[in-house]
Amino acid sequence: MSRNVADVLCEMLANAGVKRCYGIVGDALNPFIDSLRRNGGIEFVHVRHEEYGVFAAVAEAYLTGNPVAVCGTAGPGVVHLFNGLMDARKEGAPIIAIAGDVETSILDTFTLEELNPYKFFDTASLYTARVVNPEQARSVFNTAILTAILEKGPTVISLPGNIASMDVEVDSTEITIPATPLMRPADDDLNRLVEMIDDAKTIAIFGGDGCRYARDEVVELAKRLKAPVGYALRGKQWLEHDNPNAVGMTGLIGYGGAYGAIHEAELLLMLGTDFPFSEFLPGEKVKKVQIDKNPKHIGRRTPVDLGLVGDIKSTLNVLLERVQEKTESLFLERHIADTNSFHDLLQHYVDKGPDIKPIRPEFLAKTLSHLASDDALFFADTGTAVIWLARHISGGRDRRLFGSFSWASMANAAPNSFGAQLAYPGRQTIALCGDGGYAMLALGDLLTQVERRTPVVQVILNNNAFDFVKIEQQEAGIVPFGVDFKSPNFAKVAEAMGAKGIRIEEPGDVREALAEALAYKDGPVVVDAVVDPFALAMPSHVPFHTVKGFTLSVAKQVLNGRMDSVIRTMERNIRLV
Ligand SMILES: Cc1ncc(C[n+]2csc(CCOP(=O)(O)OP(=O)(O)O)c2C)c(N)n1
């Protein structure tokens, strides 16, 4: 049957389970958009900025596991996709980007809006194709869609407008998506692991996003081995809740006994993690086994004694049949006790929160966590929001915590929560945003949320600063610079744009204001919370160079006449108040 190339693409996307395409139309993309309209099986989500559309798509794709499309057109519109596609690559989200391209008759002539898609997308995309004749179409689309789904990342189809509108003969636009295979190490390798486990007196587990479908198995293994379970940020949502062996996170935003547990164990089991901060992982004193379905992750962050390729669920299912129960639980108890005492520390500014002005972000986040529903979807901007999410937002079997955790782009949370709301209409979707991040990308597309009346709750930590960078600069021993700015009253801005705006300045109003925001179902809400810009967030393990850097920065700030800022930082972080 004859259809045009764009029709084939739309049909194949719809047949692969794509429900939405986020983006902005124009020139080369017009035939594709026309086809999308006629197809009717995929919703077009017009956003005000292509990057916002991709961050929305990333959340939808990651949470649902379904592929999602995004589009941008020829040159500049395509460039706007890039940061989001890097995020999709790092967070493992199946995204198919349709990039409008210049007409084939003028390719490689440096014409208006021309961009070489192969060079440009090389770092982000798992597969990039430029369709220069209709006969390529079915095969290219099949590869782009399957690669995105099976390798869990972004692919790019660069589509010149003249090719998109050409007729093409295809037998079928059906697409067969193979089910994910079960993958586990060979018996001999598993037996080696069993021997190492049996030989070790103390064992710790450290898990990441690879434990997504293996939570119950990890918890059971930990129980059997009397092993404390620490996690990377991407593992927290799977491994922390309802897990008596949970000992928190390690790393720059770490808390609890995780650092101690993984450094003091005889054997460390690293499960489904590509945690990038090697300095927070133990050296050769600890024997290490790493299990991951991606072989490239093995030994990449720290040398390991045994590397096994397999998905965590299938591998642990077999392992559980073979390992013996350990009886000695002192090691576990010690690290649980450490974790509990760190929790008491974390609780300080939560408990005192109602009486401290400016509002402590710890208190704000914890209150939000208490008030939100059991199946709420939380998103945090890269910045201090991610720290408060990690430390004060509790997970749960049906809660999700997501952000740009591996790519670390600013301004992800508002679009993430918008995409999540489209995928799960009516479920609470809550974004914890920085004021820098909100001004960077979210404001324009608040209009999109208003138009669609999507009930997304956006809580802005209004601290008039790039606070995270301020802390970073102090840790590096330099005087904070280029980090202060003036934010508006975002609640008023939101009201002017047609959203509900709530401003919180008084700590006593936090609970009521957040409850009001969560109860509002008639469209987006922007909660502008004026928070303490001097709230510091030290990890549970502070490396020596951080202490040194901090001391140096303080000394330099005093010498530069910034004593007021030093005093505020001190008084607001050593629990004088
Ligand atoms: C697109 C992008 N630009 C710059 C950075 C570097 N960066 C990381 S966090 C941050 C500050 C974020 O500030 P804000 O959104 O106000 O949140 P806060 O830390 O103040 O809570 C910056 C500039 C980044 N990660 N991504």
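The values are calculated or read from the model by the stated rules, or taken from the named source; none is laboratory data. Since the model is a prediction, treat every value here as computed from it, not as a measurement. Cβ coordinates were reconstructed from backbone atoms using ideal geometry, including for glycine residues, and neighbour counts include every protein chain displayed. Each accessible area value is taken on the protein alone, full model and side chains, heavy atoms only, with ligands, DNA and RNA left out. Shrake-Rupley method; radii C 1.70, N 1.55, O 1.52, S 1.80 Å.
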field: Among (1) touching a Phe, Trp or Tyr at 6+ places or on another chain (Cβ under 8 Å); (2) within 26 Å of His335 (Cβ to Cβ); (3) crowded, with 24+ Cβ neighbours inside 10 Å - the single one Ile205 does not satisfy
entry: (1)
message: Can you tell me how many residues within the stretch 42-86 are open to solvent by less than 20 Å² (accessible area, probe 1.4 Å), out of contact with any Gly (no Cβ under 6 Å at 6 or more places or on another chain) and aromatic (Phe, Trp, Tyr)?
response: 2
message: Among the numbered criteria (1) away from the ligand (no atom under 15 Å from the Cβ); (2) surrounded by fewer than 24 Cβ atoms within 10 Å (Cβ to Cβ); (3) under 20 Å from Ala56 (Cβ atoms), which one does Ala496 miss?
response: (3)
statement: Contact list, first residue from the stretch 179-208 and closer than 23 Å to Gly235 by Cα, second anywhere and among the polar types (S, T, N, Q) and not in a strand (DSSP E or B), beta-carbon distance below 7 Å, six or more apart or interchain, is Leu182/Ser314; Met183/Ser314; Arg184/Ser314; Arg184/Thr315; Pro185/Thr315; Phe206/Thr273; Gly207/Thr273; Gly208/Thr273
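Criterion first (surrounded by fewer than 24 Cβ atoms within 10 Å (Cβ to Cβ), of a type in the set (S, T, N, Q) and in contact with a Pro (Cβ under 9 Å, 6 or more places away or on another chain)) does Ser406 satisfy it? Reasoning before the result, please.
On the way: surrounded by fewer than 24 Cβ atoms within 10 Å (Cβ to Cβ): yes; of a type in the set (S, T, N, Q): yes; in contact with a Pro (Cβ under 9 Å, 6 or more places away or on another chain): yes.
Here the answer is yes, as Ser406 does meet what is asked.
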query: Within the stretch 138-146, is even one residue farther than 20 Å from Gly310 by Cβ, part of a helix (DSSP H, G or I), open to solvent by 70 Å² or more (accessible area, probe 1.4 Å) and in contact (Cβ under 8 Å) with a residue 12 or more places away in the chain?
result: yes
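Quick check on the stretch 156-183: of everything there that is under 26 Å from the mean Cα position of the chain (by Cα) and open to solvent by 60 Å² or more (accessible area, probe 1.4 Å), which residue is farthest from Gly310 (Cα to Cα)?
Keep residues of the stretch 156-183 that are under 26 Å from the mean Cα position of the chain (by Cα), which gives 156-157, 177, 179-183.
Those still in the list that are open to solvent by 60 Å² or more (accessible area, probe 1.4 Å) too: 177, 179-183.
Details: Ile177: 21, Ala179: 16, Thr180: 12, Pro181: 10, Leu182: 8, Met183: 5 Å.
Only one residue fits best here, namely Ile177.
Do we have Gly437 as within 14 Å of the ligand (Cβ to nearest atom) and more than 25 Å from Val54 (Cα to Cα) here?
Working: within 14 Å of the ligand (Cβ to nearest atom): yes; more than 25 Å from Val54 (Cα to Cα): no.
No: the conditions fail for Gly437.
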Test: Phe275 is open to solvent by less than 10 Å² (accessible area, probe 1.4 Å) and under 25 Å from the mean Cα position of the chain (by Cα): no
- line: Considering residues that are hydroxyl-bearing (Ser, Thr, Tyr) and modelled with pLDDT of 95 or more, the number found within the stretch 340-381 is 3
- prompt: Only one of (1) more than 30 Å from Thr273 (Cβ to Cβ); (2) touching a strand residue (DSSP E or B) at 6+ places or on another chain (Cβ under 9 Å); (3) not in a strand (DSSP E or B) fails for Ala88. Which number is that?
  reply: (1)
